[in-house]
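Step one of this worksheet: look at the structure below.
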Amino acid sequence: MSKSNDRIPNKVLKEIFPKHLRKVSLSDELYAQLKTLILSGKLKKGQKLALNKLALDLNTTIPLIRPAFQRLERERLIISMGRKGSFVT
């Protein structure tokens with residue numbers, strides 16, 4: 001067994017492996033898809049983002065979309081209004 005201090009740091013792995021060979025998490029992929037949809041205008045300003053519909057459209061589950069929503073909210077691309085839902089800003 002290898003010890004945790006024997007691991008190669010992520011910074012080094014990023015330098016060694018080209019971007020297209022690195023493993024990308026599904027949440028990162030969903031984030032990128034949603035960001036592209038917003039920036040391209042396919043999701044319009046003020047449009048409500050229904051988690052159920054997005055999960056179906058993106059062939060995923062709601063728990064995987066939530067972290068992507070959090071990242072988009074930090075970037076101020078969407079706004080969450082509690083029980084009213086999330087909207088494109």
*What residue, of 72, 30, is under 12 Å from the mean Cα position of the chain (by Cα) and at pLDDT 95 or above?*
72
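With respect to residue 58, is the statement that it is at pLDDT 90 or above, of a type in the set (A, V, I, L, M) and surrounded by 11 or more Cβ atoms within 10 Å (Cβ to Cβ) true? Quick ask: steps written out before the conclusion?
On the way: at pLDDT 90 or above: no; of a type in the set (A, V, I, L, M): yes; surrounded by 11 or more Cβ atoms within 10 Å (Cβ to Cβ): yes.
Taking the combined requirement at face value, the residue does not satisfy it.
What is the residue count in the range 33-46 for residues that are closer than 14 Å to residue 69 by Cα and either loosely packed, with under 15 Cβ neighbours inside 10 Å or not charged (D, E, K, R) (or both)? Show your work before the answer.
So in the range 33-46, the residues closer than 14 Å to residue 69 by Cα come out as 33-38, 43.
So of that shortlist, the ones also either loosely packed, with under 15 Cβ neighbours inside 10 Å or not charged (D, E, K, R) (or both) come out as 33-34, 36-38, 43.
Qualifying residue count for the region: 6.
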*asked:* Give all pairs with beta carbons closer than 6 Å in which a residue from the range 70-84 that is in a helix (DSSP H, G or I) meets a residue that is at pLDDT 95 or above and exposed (fewer than 10 other Cβ atoms within 10 Å of the Cβ); count only pairs at least 6 apart in sequence or on separate chains.
replied: none
_Residue within the range 76-85 that is at pLDDT 90 or above and out of contact with any strand residue (DSSP E or B) (no Cβ under 9 Å at 6 or more places or on another chain) present_ = yes
*asked:* Every residue in the range 23-44 that is closer than 18 Å to residue 74 by Cβ and charged (D, E, K, R), please.
replied: 28, 29, 35
*Could you check, for the range 14-23, whether at least one of its residues is modelled with pLDDT under 90 and either surrounded by 13 or more Cβ atoms within 10 Å (Cβ to Cβ) or aliphatic (A, V, I, L, M) (or both)?*
yes
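I'd like the full set of residues that are of a type outside the set (Val, Ile, Thr) and in contact with a helix residue (DSSP H, G or I) (Cβ under 7 Å, 6 or more places away or on another chain), limited to the range 56-89.
58, 64, 67, 68, 71, 72, 77, 80, 86
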_Just the residues that are under 13 Å from residue 38 (Cβ atoms) and surrounded by fewer than 14 Cβ atoms within 10 Å (Cβ to Cβ), please, taken from the range 61-78._
75, 76
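The values are calculated or read from the model by the stated rules, or taken from the named source; none is laboratory data. What you see is a predicted model; the values in this text were computed from it and never measured. Ideal geometry is used to build each Cβ from the backbone, glycine not excepted, and the neighbour counts take in all protein chains shown.
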